[in-house]
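Q: There's a structure below that I have some questions on.
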């Protein structure tokens, strides 16, 4: 299902949908007459449920909640009463403006797709220990998104696609570490054809445009292709967190990317790339060039 939300209609639509969903579920949970053979829909859902059970597809107006939340447990209990399995489906948000961060952080977003949309996080770093992030978690897709005014821009953790998007104007001019795309752990991520910049001002807190920093776990099965990278931070691309980190990235395909000199003549203060291990299992480095000259940029090792 695709929901096209204008700035005026967005709040009203979500509120109306939420009321519909809550009312339907409340009726389900309180009704003693619901039979296992009932069929129907709630909040845009459709069902082929029958007396023999089945799957009820439910358009979920609260994609920010995961399976451990009270909301999911309520939905599941309704399905149990009806003798069916509830399947949540995410939402596509298009041609909209999102003011604020997109949550939940560090959790599944259940396939939410955000496209042709502006995300103005209003969440810059406000201290040397503060790095808010605009969108962070699993199972989301960003396509043609204009994202700005955050600490970190995007934090993919697994099953993510980031494509044809512009990440810029990050920071808050503090020394807290910041990245256009920050990865502490994750798998099955595509980052393709984006313009990614981390320039947070004279305090120089940016680490990279894209940082695969291995802070929390292994980073594997990433495709990073045909992006333009710029930063006033240390390096435009961190291919790993370095030998001091307990986890080392593998199966990283870094191809056809362009290193820019918009913020620094070396792309980053110390160069274009660091800690990309060409000898690691499945790692590929190919076709990466300086944006202005087309000259080849080699990996660090």
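Q: Only one residue in 205, 211 is touching a strand residue (DSSP E or B) at 6+ places or on another chain (Cβ under 6 Å), under 18 Å from residue 134 (Cβ atoms) and in contact (Cβ under 8 Å) with a residue 40 or more places away in the chain. Which one? Give the steps one after another, and end with the answer.
A: Numbers: 211 fails: in contact (Cβ under 8 Å) with a residue 40 or more places away in the chain.
Step by step, each of 205, 211 is checked, and only 205 is touching a strand residue (DSSP E or B) at 6+ places or on another chain (Cβ under 6 Å), under 18 Å from residue 134 (Cβ atoms) and in contact (Cβ under 8 Å) with a residue 40 or more places away in the chain.
Q: Something else about it: Can you tell which of 298, 272 is touching a strand residue (DSSP E or B) at 6+ places or on another chain (Cβ under 8 Å), at pLDDT 95 or above and not assigned by TED's automatic domain parsing to the domain that holds residue 144?
A: Working: 272 fails: not assigned by TED's automatic domain parsing to the domain that holds residue 144.
After ruling out the rest, the residue left standing is 298.
Q: Something else about it: Condition check: in contact (Cβ under 8 Å) with a residue 60 or more places away in the chain, in contact with a strand residue (DSSP E or B) (Cβ under 8 Å, 6 or more places away or on another chain) and assigned by TED's automatic domain parsing to the domain that holds residue 282. Does residue 200 satisfy that?
A: yes
Q: I've got another one for you. Tell me whether segment 248-257 contains one or more residues that are assigned by TED's automatic domain parsing to the domain that holds residue 125, modelled with pLDDT under 95 and under 23 Å from the mean Cα position of the chain (by Cα). First the steps, then the outcome.
A: As a first pass, look at segment 248-257 and keep what is assigned by TED's automatic domain parsing to the domain that holds residue 125: 248-257.
With modelled with pLDDT under 95 added as a condition, the list becomes 248.
With the extra rule that they be under 23 Å from the mean Cα position of the chain (by Cα), the set shrinks to 248.
Looking for residues that are assigned by TED's automatic domain parsing to the domain that holds residue 125, modelled with pLDDT under 95 and under 23 Å from the mean Cα position of the chain (by Cα), one finds at least one in segment 248-257, hence yes.
Q: All but one of (1) within 19 Å of residue 254 (Cα to Cα); (2) free of Cβ contacts under 8 Å to residues at least 60 places away in the same chain hold for residue 185; which doesn't?
A: Result: residue 185 passes all but (2).
Q: Let me ask something additional. Residues of segment 212-268 being closer than 17 Å to residue 199 by Cα and either crowded, with 24+ Cβ neighbours inside 10 Å or touching a helix residue (DSSP H, G or I) at 6+ places or on another chain (Cβ under 6 Å) (or both), which ones?
A: Residues satisfying the conditions are 227, 229, 230, 231, 233, 235, 236, 237, 238, 259, 267, 268.
Q: Let me ask you something else. What number of residues within segment 277-295 are in contact with a strand residue (DSSP E or B) (Cβ under 8 Å, 6 or more places away or on another chain), more than 13 Å from residue 229 (Cβ to Cβ) and in contact (Cβ under 8 Å) with a residue 12 or more places away in the chain?
A: Kept after step one, since they are in contact with a strand residue (DSSP E or B) (Cβ under 8 Å, 6 or more places away or on another chain), are these residues of segment 277-295: 278, 280-291, 295.
Of the ones still in play, those that are also more than 13 Å from residue 229 (Cβ to Cβ) are 278, 280-287, 295.
Retained after the next criterion (residues that are in contact (Cβ under 8 Å) with a residue 12 or more places away in the chain): 278, 280-287.
Summing the residues that are in contact with a strand residue (DSSP E or B) (Cβ under 8 Å, 6 or more places away or on another chain), more than 13 Å from residue 229 (Cβ to Cβ) and in contact (Cβ under 8 Å) with a residue 12 or more places away in the chain in segment 277-295 gives 9.
Q: Would you mind stating whether residue 274 is under 26 Å from residue 137 (Cα atoms) and crowded, with 16+ Cβ neighbours inside 10 Å? Break it down stepwise before answering.
A: On the way: under 26 Å from residue 137 (Cα atoms): yes; crowded, with 16+ Cβ neighbours inside 10 Å: yes.
Yes; evaluated as a whole, the condition is true for this residue.
Q: Separate question: Name, by its number, the condition in (1) surrounded by fewer than 18 Cβ atoms within 10 Å (Cβ to Cβ); (2) not in a loop (DSSP other than H, G, I, E, B) that does not hold for residue 181.
A: All conditions are met except number (1).
Q: Is there a residue being modelled with pLDDT under 80, assigned to a strand (DSSP E or B) and not assigned by TED's automatic domain parsing to the domain that holds residue 217 anywhere in segment 63-85?
A: yes
Q: Any residue at all in segment 223-241 that's modelled with pLDDT of 90 or more and either closer than 13 Å to residue 156 by Cα or not assigned by TED's automatic domain parsing to the domain that holds residue 180 (or both)?
A: There is at least one residue in segment 223-241 that is modelled with pLDDT of 90 or more and either closer than 13 Å to residue 156 by Cα or not assigned by TED's automatic domain parsing to the domain that holds residue 180 (or both).
The values are calculated or read from the model by the stated rules, or taken from the named source; none is laboratory data. Computed from a predicted structure; not experimentally measured. Here Cβ is always computed from backbone atoms with ideal geometry, including for glycine, and neighbour counts include all displayed protein chains.
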